[in-house]
Amino acid sequence: MLEAFANGFSGLLAGFMHLQISNVVMIIVGCVLLYLGIKKDFEPLLLVPIGFGCILVNIPLANLMEPHGFLRTIYDAGIMTELFPLLIFVGIGAMTDFSPVLENPVTFLLGAAGQSGIFLTLALALALGFNELDAVAIGVIGACDGPTAIYVTAKYAPHLLGAVSVAAYSYMSLVPVIQPPIMRALTTEKERTVVMRATRKSVSKTTRLLFPLVITILGGLIAPMGLPLLGTIMLGNLMRESGAVERLTKASANEIANVVTLLLGISIGATMDGKIFLQTQTLIVLALGFIAICLDTACGVLLGKVLYVTSKGKINPLIGAAGISAFPMSARVVMKEGQKYNKKNYLLMHAMGANAAGQIGSVIAAAVMLSVLKGMGII
Amino acid sequence: MKIELTSPIPGKIMKVLVDVGDVVNEDDEVMKIESMKMENPIYAPAAGTITAIGVKENDEVEVDDLLLVIEEAG
């Protein structure tokens, strides 16, 4: 009788007995992510489920990520199949107004320059000895776009998923801290005070409808590997601009996006098992991701300077910083930074153009990268 | 001299921070416009007295819509 009682009691302690130091560290990491999300308002919609998923998966003996564990089921259904990031993309397309880009097509260039960090970081990761696929996943943090990073990493380097998505989402929320010093360092006071008047060119409905179609078909033909990303974002956008399927547009932008964000977040958190996550490799991934975003910003601003010269001083180089796709955060950073030097300068819509272009740019950059790898026979 | 402040960005008027008759300095914040889900401060283009306000809170504005008129001081 007494023995049975003791055995039963030890069953309650088994979890504690199996708790390893790596689990404890990761539970603390999970709590830090929750703190950043809840108290500091850093991308709470993502960091809260990610942080909690991280805590869940590090509690021993619950086996939530083993076959038939509920986190494993969600992960296999939505991340392994790349379904979750793609569903999010339909929502992003349904939420994004691309007309600032169409009004000012020169911003397309900035959206492209803002992706340079991806390729420079890819090269850096290769030089550091990562294999091609891992290097691609690390470089894509520079897309500054969570779903793109998750899509590429889940497909080609799933063991890096936790590190890459934490880097992508936490740096995205740090954009207002990371970007301004780089913007200031690379521009002169005179350049920063250039006032850009709002454009009033209106974009016709036909153009708005043709845009997603043309981008999908052309982009798909150039980089077929990226068609899932490009196709879903443009489907969402076509639904938005058509005005004909408002219920579907709203569902994509709200209900579906919300449900998927929850499932995506919790399954990303579930990849952060201490045994896998706590490796030097993770730290290197985090560091390289940071470099990628700095390089994106620098390249965007430098191209902005080129445009400043070629436009004879009409383009404010600060808007180049919005070429990364942290949308609409970096456009906001540009607006604020511009107003710091001239209160009557409202760069928002110009920065929005570069920012929306960056959104497309990051998808195209990922698509091109995948198609090149395919061409090289690596995937 | 009358100076017209027109909207530099499209969006919705969140707050009008001044009234007709108020005296403002150049670069004082006079309105907040919500654009792209963000709050954007709008600053006075010159020092003077507000003589007219063209919008009220919750109005939707387009670029170049009249926000307010300032009678420049001096």
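Does region A:103-125 contain any residue that is under 17 Å from A:Gly353 (Cβ atoms), in contact with a Ser or Thr (Cβ under 7 Å, 6 or more places away or on another chain) and surrounded by fewer than 24 Cβ atoms within 10 Å (Cβ to Cβ)? Within region A:103-125 (the criterion being under 17 Å from A:Gly353 (Cβ atoms), in contact with a Ser or Thr (Cβ under 7 Å, 6 or more places away or on another chain) and surrounded by fewer than 24 Cβ atoms within 10 Å (Cβ to Cβ)), the answer is yes, since at least one residue qualifies. Scanning region B:34-58 for residues that are more than 9 Å from chain A (Cβ to nearest Cβ) and either within 28 Å of A:Ser99 (Cβ to Cβ) or among the polar types (S, T, N, Q) (or both) yields B:Glu34, B:Glu39, B:Thr49, B:Thr51, B:Gly54, B:Val55, B:Lys56, B:Glu57, B:Asn58. Within the set A:Ile284, A:Ile319, the sole residue that is over 21 Å from B:Val63 (Cβ atoms) and among the β-branched types (Val, Ile, Thr) turns out to be A:Ile284. Of the residues contained in region A:212-220, one or more are found to be over 22 Å from A:Ala149 (Cα atoms), surrounded by fewer than 20 Cβ atoms within 10 Å (Cβ to Cβ) and touching a residue at least 24 places away in the same chain (Cβ under 8 Å). Within region B:9-33, the set of residues being under 10 Å from B:Val61 (Cβ atoms) and either in a strand (DSSP E or B) or not hydrophobic (A, V, I, L, M, F, W, C) (or both) comprises B:Pro10, B:Gly11, B:Lys12, B:Ile13, B:Met31, B:Ile33.
Taking the listed residues A:Arg240, A:Arg184, the one that is buried (at least 21 other Cβ atoms within 10 Å of the Cβ), basic (Lys, Arg) and either in a helix (DSSP H, G or I) or in contact (Cβ under 8 Å) with a residue 40 or more places away in the chain (or both) is A:Arg240, with no other qualifying. Put simply, of A:Val306, A:Val334 the only residue that is among the hydrophobic types (A, V, I, L, M, F, W, C), part of a helix (DSSP H, G or I), modelled with pLDDT of 90 or more and over 20 Å from A:Ser362 (Cβ atoms) is A:Val306. Does region A:356-372 contain any residue that is within 12 Å of another protein chain (Cβ to nearest Cβ) and crowded, with 24+ Cβ neighbours inside 10 Å? The answer is yes, given that some residue of region A:356-372 is within 12 Å of another protein chain (Cβ to nearest Cβ) and crowded, with 24+ Cβ neighbours inside 10 Å.
The values are calculated or read from the model by the stated rules, or taken from the named source; none is laboratory data. It should be emphasised that the depicted structure is a prediction, and the values quoted were computed from it without experimental measurement. As a convention, Cβ positions derive from the backbone with ideal geometry for all residues, glycine included, and neighbour counts pool all protein chains shown.
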